[in-house]
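> The structure under discussion is supplied below as C-alpha cells; questions concerning it will follow.
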Amino acid sequence: MKKKVSAAAVTVAAVALVLVASAAEASHGHLKVGYYEKTCPGVEKVVKYHVAKAIEASRGSGAALVRLIFHDCFVRGCDASVLLDPTPANPATEKTAPINIGLAGFDVIDAIKADLESRCPGTVSCADIVVYAARDASSLLSNGHVHFPAPAGRLDGAVSLAADAQRDLPDSTFTVAELIRNFRRKNFTVEELVILSGAHAVGVGHCSSLRARLAAPPQQIVPAYRSLLAAKCGAGPDPVVPNNVRDEDPKAVAAAFPSFVKKLRKAKDFLDNSYYHNNLARIVTFNSDWQLLTEKEALGHVKEYAENGTLWDEDFSDALVKLSKLPMPPHSKGEIRKHCRFVNGHHY
Ligand code: HEM
C-alpha cells in the first residue's frame, strides 16, 4: 500500500533534490564539449591522429588507452595522476602499484602532449588527453560503434600514490560482492560494472592476474580453455595472454580447443559485446569476469548485453562519459602540466 506524503515533506524533498543537483554540477559543471575550441582549435583532431597512428602500428595500444582512463579516473578522479613517473621525492606513484601491472599507453600520451605543447603551449591538460585518447581508441577499435562527444576542461593533479591505486582499483581476484562495493564507492551501479567490464573484449592480461583460473573447476571455466591458458602460462615467468579467446593464436586453439577455431577473428582487439558471449560460455580470463555470473542482477545484464550489441555500444559510451566526469578530491590543486610524466616545477 502506498504511504501518504505531506506537502511539507514534498517541499523538503524538492529543496534537497535541488541542492544535490547543484552540488553535483559544481563538481564537474565546468566540463564542456568543445572546451578548447577557442584556445587550441583542432585539439581533438591532433589526439585522434596520434591514437589512429598508434593503433595502426599495434591495436594493443588502443586497448591500453581504454584501460588507462579507468585506472586514472577511479583514483583521485580524472586528473592524470596515473601518468606521473616516480621521482626521488615520490618513489611510489600510482603507476608503480602492483594493481597497475601491465598499464601502458604512456608513450602515446607523451606524443600527443608534445604535439599539443608545440601548437598551444600550457593549454591542454594531460587529464583531458587521457579522456580524448580513450574515446578515440574505443571508437577506432569498435569501427565507430562506440562514440561520444567528450566533455573537457579537467586539470592535472599533483598527488599520485601507489597506495591510493591499490585501495581504489578492483582486483581480478575480487568476488562479485567486492566488485559491486568497489564500483558503488565511486557511485557506479551493478549495471555499469557489467557494462564497463565489457572492455575486456580487448587487450591482454598477465598470467599472474589469472592464476586462480588455472585451478578453477569446470563450472567456472571450460576445461579446454583452461588447458590452453595453462599451456601458455607455463611458457615463461609471467607471459601475457589475450583477454578475448577470439584473439588467441590459432595453433594454440587448434591444439587445446578445436571447437573454437571457427570463432577466431582476423581483426584482433575488436571492441564489441563478445565479452558477454564468452562470459556466458565460461571462456573468460579473469576471476572477476566470471564472478559477474554469480549475482542475479549482474547475470541479467550479462545476458542482456550478449543479446544486444548495439545497446552495449551505446551504454558503454555513456558509462565512459560518466567515468570521465569523476572529480578530483575536494580542495585539490590542479594545473596544466608541461610534461604528463612530471608535475610542473620538476627539474628534469
Ligand atoms: C571490473 C573490475 C576490473 C578488474 C578486476 C580488471 C582487471 C584487469 C586485469 C587484471 C587486467 C590485466 C592486467 C595485466 O595483468 O596486465 C586488465 C586488463 C584490461 N582492462 Fe580491466 N579490470 C576491470 C575493469 C576494467 C574497466 C572498467 C575497463 C575499462 C573501461 C578495463 C579495461 C581493461 C583493458 C582494455 C585491459 C587490457 C589492457 C591492455 O591490453 O593493455 N578494465 N583488467
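> Would you please name the residue that is farthest from SER274 (Cα to Cα), looking only at residues in the stretch 164-192 that are more than 8 Å from the ligand (Cβ to nearest atom), without any contact (Cβ under 8 Å) to a residue 40 or more places away in the chain and not charged (D, E, K, R)?
Per the criteria, the residue is ASN187.
> Which is in the same structural domain as GLN291 (by TED's automatic domain parsing) and on the phi < 0 side of the Ramachandran plot, of ARG135, ARG184, ARG154, ARG119?
Going through ARG135, ARG184, ARG154, ARG119 in turn, the sole match is ARG184.
> Considering only residues that are at pLDDT 95 or above and surrounded by fewer than 20 Cβ atoms within 10 Å (Cβ to Cβ), which ones fall in the stretch 263-276?
PHE270
> In the stretch 171-222, how many are more than 20 Å from TRP312 (Cβ to Cβ) and either open to solvent by less than 70 Å² (accessible area, probe 1.4 Å) or out of contact with any Gly (no Cβ under 9 Å at 6 or more places or on another chain) (or both)?
Filtering the stretch 171-222 for residues more than 20 Å from TRP312 (Cβ to Cβ) gives 171-175, 177-178, 181-182, 184-187, 204-222.
The next check asks that each one be either open to solvent by less than 70 Å² (accessible area, probe 1.4 Å) or out of contact with any Gly (no Cβ under 9 Å at 6 or more places or on another chain) (or both); those that pass are 171-175, 177-178, 181-182, 184-187, 205-222.
Selection size over the stretch 171-222: 31.
> I'm checking my understanding of the structure. Among residues of the stretch 266-288 that are of a type in the set (Lys, Arg) and more than 16 Å from the ligand (Cβ to nearest atom), which one is nearest to LEU193 (Cα to Cα)?
ARG282
> Inside the stretch 177-191, can you point out the residues that are farther than 21 Å from THR285 by Cβ and within 14 Å of the chain's Cα centre (by Cα)?
LYS186, PHE188
> Can you tell me which residue within the stretch 251-266, out of those that are part of a helix (DSSP H, G or I) and not hydrophobic (A, V, I, L, M, F, W, C), is nearest to the chain's Cα centre (by Cα)?
LYS263
> Okay, moving on. Looking at the stretch 101-160, which of the residues that are under 16 Å from ASN344 (Cβ atoms) and of a type in the set (Val, Ile, Thr) is farthest from the ligand (Cβ to nearest atom)?
THR123
> Return yes when GLY236 is in the same structural domain as ALA255 (by TED's automatic domain parsing), under 30 Å from LEU264 (Cα atoms) and open to solvent by less than 20 Å² (accessible area, probe 1.4 Å) and no when it is not. Step through it out loud before you land on a result.
Details: in the same structural domain as ALA255 (by TED's automatic domain parsing): yes; under 30 Å from LEU264 (Cα atoms): yes; open to solvent by less than 20 Å² (accessible area, probe 1.4 Å): no.
For GLY236, the condition - in the same structural domain as ALA255 (by TED's automatic domain parsing), under 30 Å from LEU264 (Cα atoms) and open to solvent by less than 20 Å² (accessible area, probe 1.4 Å) - is not met.
> Residues in the stretch 115-130: is at least one among the hydroxyl-bearing types (Ser, Thr, Tyr) and touching a His at 6+ places or on another chain (Cβ under 7 Å)?
Checking the stretch 115-130: not a single residue is among the hydroxyl-bearing types (Ser, Thr, Tyr) and touching a His at 6+ places or on another chain (Cβ under 7 Å).
> So, of the residues in the stretch 40-77 that are assigned to a loop (DSSP other than H, G, I, E, B) and open to solvent by less than 20 Å² (accessible area, probe 1.4 Å), which turns out to be farthest from the ligand (Cβ to nearest atom)?
Only one residue fits best here, namely CYS40.
> Related question: Just name the residue that is least open to solvent (accessible area, probe 1.4 Å) out of those in the stretch 160-170 that are part of a loop (DSSP other than H, G, I, E, B) and over 23 Å from VAL204 (Cβ atoms).
It comes out as SER160.
> Condition first: more than 13 Å from the ligand (Cβ to nearest atom), part of a helix (DSSP H, G or I) and exposed (fewer than 14 other Cβ atoms within 10 Å of the Cβ). Now tell me which residues in the stretch 304-348 satisfy that.
The answer is GLU307, THR310, LEU311.
> Could you go through the stretch 193-208 and let me know if any residue there is touching a residue at least 60 places away in the same chain (Cβ under 8 Å) and more than 13 Å from the ligand (Cβ to nearest atom).
No: zero hits.
The values are calculated or read from the model by the stated rules, or taken from the named source; none is laboratory data. Note that the structure is predicted; figures quoted are calculated from it, not measured. Please note: Cβ atoms are built from the backbone with ideal geometry, for glycine as well, and neighbour counts cover all protein chains shown. With ligands, DNA and RNA removed, areas are computed over all heavy atoms of the protein, side chains included. Shrake-Rupley method; radii C 1.70, N 1.55, O 1.52, S 1.80 Å.
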